[in-house]
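Following: one structure in structure tokens, then a few remarks.
Values in this text are rule-based calculations from the coordinates and carry no lab data. Please read all numbers here as calculations on a predicted model, not as lab measurements. Methodologically, a virtual Cβ is constructed for each residue, glycine included, from the backbone with ideal geometry; neighbour enumeration extends over all protein chains shown.
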Amino acid sequence: MTRYGVDGDAVLLANLLDLGEHLDAPEGHLVCSEGGPPNAVWFLLSGRVHVTKRDVQGVERHLSDVAPPSMLGHMALINQHRRSATCRTLGPSVLRVLDVRTFKKAMNGRGAEYDLFRSLVTRVLARQLAAGNAELLDVLDGPAQVEIVDDEQTGDSMWSAEASFSGWSDHGED
Amino acid sequence: MKVDELRRLRSLLKVPPDQLEALAAVAAEPLQIPKGTLVIEPGDSNRPAMLLLAGRMQAEIGAECRVLGDVWPGEIFGESALFPGGGRRVVGVRAVFDSTVLELTPELLTAIGGSDVKRTIQLNLISVLAKRIQGTNHAMRTAWNEQRSAQAAPPEPSAPDKLPRHKPKERKSELSLTDRLRKSLGGWFDIT
């Protein structure tokens, strides 16, 4: 979890993730479905996850491809709402799955590893908010406000922003 | 720190009595912010994160200072300062009432350490950040809808000699009920 500034506590974090289930997912494995229940959070340790969402016409639109290390599905558990997108593995992937009970225990527990977990979640959310606000600023004040006339271009930018807000931003490779 | 500020700090952060004095000793004196003051400016990476003890703040974004949401007592704002490489601040925060804030300085955060107060702050932040993400999401949809509406061109008026102003309706033939049924059912049923 280098990207989230928790490098020095890797052992503690590994111990916490051990509370979850190990998942060796093949290509095309359905991680979660849009509209599904908030029942787990995933840590992508290797591989890649393809994120899609239905538009108002019901057409599946690509939001983002998520690279490791990343946390997936946390917003639904924190906000207690149904899944906002569908996730499938793009190739063979390794994930760690924390069910809702384990997630709540990690969020409320006392101890160094739980402190670290909360710090990680906080960092992920802060990054997500910063990315979303930056996208919003570009829409409000940037060139897009004046120059966009192409619906397809507008649509792609909107979906890119949607990815940021929903937590599915492509973080890129480590 | 004044007694009522100490009480607010204890209440908001759930500080145990035995830790309150120690925290108060390292905490900076709370700042009194007059209504209308821009407490955090967009692009300002120097201001530390702050805890709102009393009053109300508003988060703004863009050249037109579009309101993203409110900051209520007990909520932390300017949180990007809490993380290494916290990122560019694009949101400003302004006091909408006379307010009191406590700067979350490195000394204070070190004093908090691994205590229950840190846990309270973390849970506070997680809840607040999730709420703000929803606020930004909503603002984004609003902005996109406004843009789409602005781009929709008004309909051109039709040339008067090209389109009739009134097209008379065709009179329906007066068919019997049987004939209408036969016509609508397309010959599927032999209605006699």
Residues B:Ala152 and B:Leu123, FRET efficiency given R0 of 56 Å [Cβ-Cβ distance, rounded to 0.05]: 0.80
Expected-Rg normalisation [2.2 N^0.38 Å, Cα atoms] applied to the stretch B:14-92: 1.23
Table column - 3J(HN,Hα) (Hz), the stretch A:23-32, Karplus curve with 6.51, -1.76, 1.60, x for Gly and Pro: 10, 8, 9, x, 4, x, 5, 7, 7, 7
Total formal charge among the other residues, if their Cβ is under 10 angstrom from that of B:Val96, Lys/Arg +1 and Asp/Glu -1: +1
Ratio of Rg to Rh over the stretch A:8-99 (Cα coordinates, Kirkwood Rh, two decimals): 0.99
Unit Cα scatterers, Debye sum, the stretch A:89-145: log10 I(q)/I(0) for q = 0.17, 0.19 Å⁻¹: -0.76, -0.81
